[in-house]
Amino acid sequence: MQEWVYRGRGVAKFLGEGRALVSRQGISFFGGVDPMTGLVREKGHDLCGQDVTGKVLVFPKGKGSTVGSYVLYQLKKNGHAPAGIINVETEAIIATGCILAEIPLVDRLEVDPITAIITGDYVVVNGIEGKVVVRRGQQA
């Protein structure tokens, strides 16, 4: 097993861990993710059909309507929230939603998370310290 520790900015001061789900595209939670199932439903998105439930979502930044913040909260209430989120550079929609839903959020890592983390890596997101631990090869 290999392990890397990266520092960044802790935005939503919570802790979470799970398998990474990485996208090179921005995510719109309003209309792009089903709050009842956690499935990405945005047509043409590289994660279309994937389930965000319990995953550490890694993507550049959010996009779309401010209602996306509430969708993150709905995902949490429905038991389908991601375990954590890592952005290259977050913005208000994702930050607000993560804080409301108590989903750890870290951005501005010292490396590009889109290339440093691969789907399936086991990732610990520490929004309190602004730290991300990536473990490759860790069994479930």
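Nothing in this text is a laboratory measurement; each read-out follows from the coordinates by a stated rule. Just so we're clear, the structure is a prediction, and the values are computed from it rather than from any experiment. Note that each Cβ is placed from the backbone with ideal geometry, even for glycine, and that neighbours are counted across all protein chains shown.
Summary of values
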| read-out | value |
| --- | --- |
| Net dipole in debye of region 2-136 [+1 Lys, Arg Cβ; -1 Asp, Glu Cβ; about Cα centre; nearest 20] | 80 debye |
| Ranked list, fewest to most other Cβ atoms within 10 Å of each Cβ, for Cys98, Cys48 | Cys48, Cys98 |
| Cα-projected label distance for Val133 with Thr37, points at 7 Å along beta-carbon direction, nm | 3.5 nm |
| In degrees, nearest ten, helix 92-101 long axis to first principal axis of the chain (Cα) | 90 degrees |
| The chain - Rg over Rh from alpha carbon coordinates, Kirkwood radius | 0.93 |
| Value at 222 nm in deg cm²/dmol, rounded to 500, when DSSP H runs of n ≥ 4 in the chain each add -39,500 (n - 2.57) | -5500 deg cm²/dmol |
| Rounded to 10°, Cα long-axis angle of helix 67-77 versus longest principal axis of the chain | 70 degrees |
